[in-house]
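Working notes for the structure below.
The values are calculated or read from the model by the stated rules, or taken from the named source; none is laboratory data. Here the structure is a predicted model, which is why all the values come from computation and not from measurement. Neighbour counts run over all protein chains shown; Cβ positions are idealised from the backbone, glycine included. Quick note on the areas: whole protein, heavy atoms, side chains included, nothing else; ligands and nucleic acids left out. Shrake-Rupley method; radii C 1.70, N 1.55, O 1.52, S 1.80 Å.
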Amino acid sequence: NGYEAEMVKHTRALRRKKKPSYVLFLNRPTVRSSQLAQELAKELSKRTGAPTLRIRHHPAEKTKTSAVDIAQDLAGARAVVGQESAAMAIAVAVGIPTISIVERGVSKLLPHKSIVQVRSAKAAARLI
């Protein structure tokens, strides 16, 4: 689609200027998604030299982070984690390691083979 292609192009341009440094969590407007972000932060904090976790809120949440251009957030990400999100398709196209937390009983929606599927935030943390 045109929007996705433009975002990929924009993100690539920004990544040339930024050094990827944080893990970007793509939060959905659900309580469970926020819980997964907290679980991931807890797992990452157990490690020495753990990367910073940046949480990007869904545009429907109307927060400061949801107002930032998605390409800006993706440009600085060394990995992207979350439940399925259209932004994951952009991350994969740009070459950012992308992990989708698909819990038991939830159907996988994104058809991208490059998106790694895990069942928990703990499993996602092990891959980062």
Would you be able to say whether some residue in the stretch 19-32 is crowded, with 16+ Cβ neighbours inside 10 Å, under 15 Å from the mean Cα position of the chain (by Cα), of a type in the set (D, E, K, R) and at pLDDT 95 or above? no
Among the residues of the stretch 96-114, count how many are surrounded by fewer than 20 Cβ atoms within 10 Å (Cβ to Cβ) and at pLDDT below 95. 13
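Just one of Ala77, Ala5, Ala13 is surrounded by 14 or more Cβ atoms within 10 Å (Cβ to Cβ) and of a type in the set (A, V, I, L, M, F, W, C); which is it?
One residue alone meets the criteria, Ala77.
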Taking the stretch 51-66 as the search range and keeping residues that are basic (Lys, Arg) and open to solvent by 60 Å² or more (accessible area, probe 1.4 Å), which one is modelled with the lowest pLDDT? Lys64
If we take the stretch 41-105, then helices (runs of 4 or more DSSP H) inside it with 3 or more residues that are in contact (Cβ under 8 Å) with a residue 40 or more places away in the chain are 70-75, 86-94
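Starting from residues that are surrounded by 17 or more Cβ atoms within 10 Å (Cβ to Cβ) and in contact with a strand residue (DSSP E or B) (Cβ under 7 Å, 6 or more places away or on another chain), keep the ones in the stretch 117-128 and report whichever is modelled with the lowest pLDDT.
Ile128
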